[in-house]
Every structure is written in structure tokens, then in C-alpha cells.
Amino acid sequence: MSVPDFGRRIRFLSPQEARQIPEVHAHARALYSRFGKITRQSVHDANRQKNAFFDYLSWLRVTQGQSAAFAHLDAYSQAGFAVSGAVVAINILTQNDSDFEVRFARLSNLADLHPENPYVIRVLAATALATGRLGELEKTLDGFVAGKAALTSEDAVHNADTAALAGFWDLAAALVADLDGESVPVALRQRIEMGRRFRNHGDANFSAHIINMPQDQRRLDLSTKLFAKMDISLKRFEAVDGRRLPAFARNSVISTRALPDLGAGLIGCALSHIGVWEEVSKGTEDYALILEDDAIPFGWAPIADIVGQAPGKELYFVNERMSSYSTTGTLAGVSPVWDVLGRWPGTSNGWGLDGYILSRSGASKLLAAIEKDAIIGHMDGQVGSYCVPSVDTRVTGAQATSQSVRRRMNSGLVLDAVALNFPLVKQQNFGTSTLAAVSASRN
């Protein structure tokens, strides 16, 4: 069994399952023989083959608990395990949202022991952001600006990106002020410029909605804080957990022409967006910003300015996955959805509905189309396919997928839609969200 495969397989296993799968248990025994006892050789091996050591810690977490795994890590750290490895191990052992307070406490203790270590401080700052400790983040990164720790260009860029995600634009600018132009990504400079000149005009008639599971309070709190900096007040929509729906209810909303592998989680995700559309269609606002709870601000721009770039559209993708800056270098304007799909590489992680602006009329049209089409597949792909025409010529796999979905439709809907070239929001997975886990569930 390969090391990466082992780590992936045990992450969501119960202690009993981890012991009962023969190949998993056999590999764990091999890891124990190497790292179970602390010796000079085992510490040397842990430093040289960190992934194998991390897998052993993950095994301890699954079978004996998080405290046992951290106790073993602490013992190795005292015996000479590298500080950078300890940082990575802490992140691995605290990947669930419920573990983030433990992660912050652990990294804070490590920073107290190694205040001059830039990697520790960099990860601590990112964790401060993830847990919504914006004041702690600002204080931590101010230390870099003051020269309390050695700062490479890579450290500076990473920390400036974290400061930018938190909306500390002057701090982000200060962190990269001494770097030459080639060392700072163009997109980061663009974001800093946009953030420093950002002014909310207050003349856009829009609402803002965030889809969120009850268990993911941390994500909701973080998004609420960050978007409040843009004067955007989020209205929470409780996500539908498709696993809790009766099989009859799930089957009743699936199209007879649906794509394969449409599990309960994807149905719940689709129904969550449909529920928001119903609210938008009944509202009085002209537009609605709709977010999933792993979306955070990226390139600050007033909603009125975004809509003003292409007035009268029914849907605006404003997420990073549908933007064009990474493929074309374009930092302004909008693109037709078909053109965006035509620029995608051979592999992609999907359209994404983590951030989009929908008009009230667009919401009504989507609801009418869903009544005729039902749920055909992943809702991001279905919505994206509503945004392109039916054509015979296609260049990329993404364009071909959109046409495959359109051929399964009864409604024939084509929304007037565009994608923002430089995104308003970015999907930022600081940990494993319930929404993401449920969406991946087939049961």
C-alpha cells in the first residue's frame, strides 16, 4: 500500500474499521515497527520520511485518539523532530472544523517556543484567519513588518495573501513593499489595489445569502466577519442534508435522464440552491449574491460595479473557478460562459456554485426550468449548462459536458450569463466542512 493511499483510507475510518481491514492493519504494524518507539534512528527516519511518520500519527489518532497522537508528536519533537514537520503534523491531526481551536492553541504554543521561525508564524496567521481571530492575525503579521523574524520573499507573499483575505490591505501592501515586481503575483497586487480603493457605493439593490450546515458555525462566523468588511450582510440558508431525506423524496426530484452517480449529498446540495432561488424570486431586490460557506472575499468590488460591467444579465459567476485571470491574465471585465469553458484545461474541478450573483428574473427562470428538468446532475454543472447555448461544435471537455447536460433537458432554458474575469470570491477550504462531506456522500 502506498503512503498517500494509507493516509487517505484511514482518515474517515472508525477504530474498529482501521483494525479490521487487513492491508491497513498490516501497514500500520510496519509503521509501528519504525516509529512506535523513540530512538535516535526513528527520529532520523521521521525527519527523512515525514509522510510515513505523519501516517503513523494519523493511525494513532484514529485508533487511540487525538491526545495520544499529539503526545507522540511532542515526544518526537523533544527528541529532535523538525519544527516544520511538527507544524504539518498539527495540521494533519486537526483537519476537521471541530479541531480548529486545538490547532490554533498548538500552533500558538509552537510560536512561543520558536518566535523567529517564519513558517510557524505563517501557518499560525492562516489559522488565526480560519478561526476568525482577525485581531490575532493582524498582530502576528505586524511582527513581520516590524522585522521581528527573518522574512523570505515566499514568506512575505504568503503572509500578504493571508492579510488580503482578511481585508487588511495596508498590512498586505507593507508585507510586499520591499519585494521586486516579479516576486509578487500580479493577482495579489491587483487585489491589494482593489481593496485599498474599495468604497461601497450603496446603490446596488441586492440581497446576500450563504448556504451553511448547522455543524459549520465556524465557517458561518468567518464569512459573516469577512463580508461585513465589504458592507455585505449575509442571510443564512440552512443547507439541506440529502442523507436525511427519505429515499422516495430524493428519487422524486431526480430526472429520469439524470447523469449517473447522483447521490444523496448532491441532491441535498442542489435542493439547497433551489431553496435560495425561491427566496430570491419572492424578494424585492433586483439581484442576490449567493454563496456557499467555503467562499470568502478575494478581489473586493462593489456589487453595483460588477453588475454595471454587463447590465441586465441574469447570472454572474463571481467565483475563482469560473474566472479567467489564471488562464488569460485578464484582470477586469467579464466573459461569456461558453468562452470560459473553452479556456479550461483538460482537467478541472467543476464550475462551482460557491459564488454567483443571480437576478430575481433569473431565479424565476431557473425554478421554472427545474420543474421541467428536475435534477440532472451536479447542480453547478446543470446551472452552468443553462448558461450556454446548444451547439454542435465544442473544443474542450467542459464544453462537451455542458452539451451532454443540455441534451437531457426538457426546458431548453438559456440564461443570459457571464463570468467575472477577476473573481469576487475564492473557495477556501481551511478544513473539512460538513457541507462538503455531505455533498460527497452517496448514502
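Would you mind ranking Arg360, Arg191, Arg48, Arg408 by Cβ crowding within 10 Å, fewest neighbours first?
Final ranking by Cβ density, sparse to dense: Arg48, Arg408, Arg360, Arg191.
Modelled label positions at Glu285 and Ser84, each set 7 Å beyond Cα in the direction of Cβ, lie 4.5 nm from each other.
For region 269-375, give the magnitude of the charge dipole about the Cα centre (Cβ charges: +1 Lys/Arg, -1 Asp/Glu; no others), in debye to the nearest 20.
Details: 7 positive and 14 negative charges, 67 e Å.
With Lys and Arg at +1 and Asp and Glu at -1, about 320 debye.
Compactness of region 206-439, taken as the C-alpha radius of gyration over 2.2 N^0.38 Å, stands at 0.95.
Which of rounded, prolate or oblate describes region 302-438 when judged by the alpha-carbon gyration tensor and an a/c cut-off of 1.5? Write out the running numbers ahead of the final one.
On the way: a/c = 1.22, a/b = 1.18, b/c = 1.04.
Here region 302-438 falls in the rounded category.
Test of understanding: what is the full-extension gain from Asp142 to Val414, defined as 0.36 nm times their sequence separation minus their Cα-Cα distance? Mind showing how you got there, number by number?
Details: separation 272, 0.36 × 272 = 97.92 nm, distance 4.95 nm.
Working it through step by step, the gained length comes to 93.0 nm.
When His158, His44, His209 are arranged by Cβ crowding within 10 Å, least crowded first, meaning fewest neighbours, the order is His44, His158, His209. Springs join every pair of Cα atoms under 10 Å in this Gaussian network model of the chain, and among Val145, Val340, Val123 the largest mean-square fluctuation is at Val145.
With the Cα gyration tensor of the chain giving a ≥ b ≥ c as the square roots of its eigenvalues, does the rule (a/c under 1.5 for rounded; else a/b larger than b/c for prolate; else oblate) give rounded, prolate or oblate? It is oblate, given that a/c is not under 1.5 and a/b is not larger than b/c.
With charges set only on the Cβ (+1 for Lys and Arg, -1 for Asp and Glu), what does the dipole of region 206-439 come to about its Cα centre, in debye to the nearest 20?
Numbers: 22 positive and 23 negative charges, 80 e Å.
So the dipole magnitude of region 206-439 works out to roughly 380 debye.
Which one of Leu151, Leu424, Leu179 has the biggest mean-square fluctuation once the chain is modelled by GNM with Cα springs under 10 Å? Judging by the Gaussian network model, the answer is Leu179.
Filter the cross-link list Lys235/Lys282; Lys313/Lys365; Lys282/Lys426 down to pairs whose alpha-carbon distance in this structure exceeds 20 Å. Before the final figure, lay out each step's value.
Working: Lys235/Lys282 15 Å; Lys313/Lys365 13 Å; Lys282/Lys426 28 Å.
Cα-Cα > 20 Å for Lys282/Lys426; rest within.
For region 3-196, relative contact order (Cα pairs under 8 Å, six or more residues apart, normalised by length) works out to 13 percent.
Calculate the FRET efficiency for Ala105 and Glu278 from the Cβ-Cβ distance with a Förster distance of 51 Å, rounded to the nearest 0.05.
Working: r = 42 Å, r/R0 = 0.82.
Working from the Cβ atoms, E equals 0.75.
Counting beta carbons within 10 Å around each of Glu279, Glu23 and listing the fewest first gives the order Glu23, Glu279.
Rule-based calculations on the coordinates, nothing more; no lab input. These figures come from a predicted structure and were not determined experimentally. Glycine also receives a Cβ, built like all others from the backbone with ideal geometry; neighbour counts cover every protein chain displayed.
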